[in-house]
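Heads up: the structure comes next, in structure tokens.
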Amino acid sequence: MHILTIHNNYQIRGGEEVSREAEERLLRERGHQVESYEDDNTRLSELGAIDVATRTLWSREAYQQVKQKLQAGSYDIVHVQNFFPLISPSVYYAAQECGVPVVQTLRNYRLLCPNALFFRDGRVCEDCLGKVIPWPGVVHRCYRQSRSASAATAAMLVVHRGLQTWEKKVDRYIALTEFARQKFIEGGLSAEKIVVKPNFVAPDPGSGSGSGGYALYVGRLSVEKGLDVLLAAWERLGGKVRLKIVGDGPWGDRVAAAAAKMPEVEWLGRQPMEEVHRLMGEAMVLVFPSKWYETFGRVAVEAFAKGTPAIAANLGAIAELVEDGRTGIRFQPSDPVDLAAKVEWILNHPEPLAAMRRQARAEYLAKYTPDRNYEQLMAIYEGVRRR
């Protein structure tokens, strides 16, 4: 197949970029011709606020460039990974005019929520879910803490709902979990258009020993990821187990302060993937304390690939990935007391922990390998081509 992927890169690289690059690499390895059209949020500082707002609604530049690209080559699929904010939904129209079916991966909740997270003021927020006009997101400055930027995002959602863009211009949506799929259905997308295909981990990093004697956090250092819950839980544990933290973000200073205060906490900053996987393999357990719904939970699946179970918040998509008592343990969201209690349980039950390590590895082999993912992706592509 000849596939055009479309992606608006974020200023801070994250799991979305890792996952979509892995998908493109997988397709190329299986003999498909994959080309990409990209824009980058580093350009936001170069563009004026009015220009960004206009592009968010409809990017003439992206529309014209994608249309020219599709007309110049024989493409089978346009796969949109992220269009926001600089690429815009205009690329759907370019694809339809050229007769090329469109697949959209739903990597966040942008079509339902101006800040894409369903998270505000340190808690889950669904105030805009199901609203024709997502005015609460504007009132609360949910996107970039700016009322004007939030208004531009809300306008994009309102206009394209009115145009029925989401219904008429996209042939198939890919949700990463059943939880996310149900949220999008609740928000108005057609159930028959949304299929579930998770992310995957490639190459297989192989099982680890789990002999490091420490817990591990990997991810963005920010409040929605539950860093406050994590650090409060470790303060309660009083040095009973070491914690290694990998990643960076706006909570970096607070993590550094916690590491200075608690000798058992070590902040390693951002690390290359090979080192992250090594740390995962040696970790006793991965801690996933997220306070927002998530759409997936890539680091949990990476931990499973290494045979490392997860202690995860019983919330959103991550609660779907982590089966309580089999591939990990779930704790009450935003509750450091319960998180600390679950860590202590792990410390005191080595035999169930060993069993969870075996089950975590089995879960990866059953659901999150490149071969399994390729089968699912090809079924989606062939389905929209036949349609």
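The values are calculated or read from the model by the stated rules, or taken from the named source; none is laboratory data. On a predicted model such as this, the values are computed, not experimentally measured, just so you know. Note that each Cβ is placed from the backbone with ideal geometry, even for glycine, and that neighbours are counted across all protein chains shown. Accessible surface areas use protein heavy atoms only, side chains included; no ligands, DNA or RNA. Shrake-Rupley method; radii C 1.70, N 1.55, O 1.52, S 1.80 Å.
For all pairs of alpha-carbon atoms in the range 1-156, what percent lies in each bin of width 5 Å, listed from the first bin to the last filled one?
Each 5 Å bin holds this share of Cα pairs: 2, 9, 17, 20, 19, 16, 9, 6, 2, 0.
Can you run phi through the Karplus equation (6.51, -1.76, 1.60; θ = phi - 60°) for the range 28-34 and list ³J(HN,Hα) in whole Hz, with x for Gly and Pro?
Calculated HN-Hα couplings, in order: 5, 5, 8, x, 8, 8, 10 Hz.
Which FRET efficiency, nearest 0.05, do residue 347 and residue 1 yield, Cβ-Cβ r, R0 45 Å?
Here the calculated transfer efficiency is 0.35.
Residue 109: net charge of surrounding residues, Cβ under 14 Å, Lys/Arg +1, Asp/Glu -1, itself excluded?
Net charge in that neighbourhood comes out at 0.
Relative contact order for the chain using alpha-carbon pairs under 8 Å, separation at least 6, rounded to a whole percent?
Reported as a whole number, the value is 14 percent.
Which aspartates and glutamates, on any chain, are close to residue 131 with Cα under 14 Å apart, when same-chain ones fewer than 8 places away are left out?
Of all the aspartates and glutamates, those that pass the test against residue 131 - Cα under 14 Å, at least 8 places apart if same chain - are 186.
In the neighborhood of residue 294, defined by Cβ-to-Cβ distances under 15 Å, what is the net charge if each Lys or Arg adds +1 and each Asp or Glu adds -1?
Residues close to residue 294 contribute a combined charge of +4.
Going through the cross-link list 197/225; 169/291; 69/169, which pairs have a Cα-Cα distance over 25 Å in this structure?
Correct reply: 169/291.
Starting from the amide H of residue 5, placed 1.01 Å from N in the peptide plane, find each other amide H under 5 Å away whose residue is 5 or more places distant or on another chain.
Correct list: 35, 36, 37, 79.
When the chain is treated as a GNM, springs tying every alpha-carbon pair under 10 Å, which of 245, 185, 174 comes out with the largest mean-square fluctuation?
Answer for the Gaussian network model of the chain: 185.
Show the residues, 5+ positions off or on another chain, whose built amide H is closer than 5 Å to the amide H of residue 208.
Hits under the 5 Å cutoff: 307.
Using θ = phi - 60° and the Karplus relation 6.51 cos²θ - 1.76 cosθ + 1.60, list the HN-Hα couplings for the range 102-117 in order, rounded to whole Hz, with x at every Gly or Pro.
Computed from phi, the couplings for the range 102-117 are 10, 10, 10, 7, 8, 8, 8, 9, 4, 5, 10, 9, x, 9, 6, 10 Hz.
From the Cα gyration tensor of the range 133-208, with a ≥ b ≥ c the square roots of its eigenvalues, which class applies: rounded if a/c is under 1.5, or else prolate if a/b is larger than b/c, or else oblate?
Since a/c reaches 1.5 but b/c is at least a/b, the shape of the range 133-208 is classed as oblate.
Shape verdict for the range 332-387, please, from the Cα gyration tensor: rounded (a/c under 1.5), prolate (a/b greater than b/c) or oblate.
oblate
Add +1 for every Lys or Arg and -1 for every Asp or Glu among the other residues with Cβ under 12 Å from the Cβ of residue 174, and state the total.
Result for the neighbourhood of residue 174: +4.
Ignoring ligands, DNA and RNA, what accessible area per residue does the chain give at 1.4 Å, in Å²?
Ligands and nucleic acids excluded, the result is 40 Å² per residue.
Let me test this: with uniform point scatterers at the alpha carbons of the chain, what is the Debye-based log₁₀ I(q)/I(0) at q = 0.14 1/Å?
Each listed q maps to, in turn, -1.24.
Which whole-Hz ³J(HN,Hα) couplings does the range 119-136 yield from phi under the Karplus relation 6.51 cos²θ - 1.76 cosθ + 1.60, θ = phi - 60°, glycine and proline marked x?
Going residue by residue, I get 8, 7, 6, x, 8, 5, 9, 10, 4, 9, 5, x, 7, 4, 10, x, 5, x Hz, with x marking Gly and Pro.
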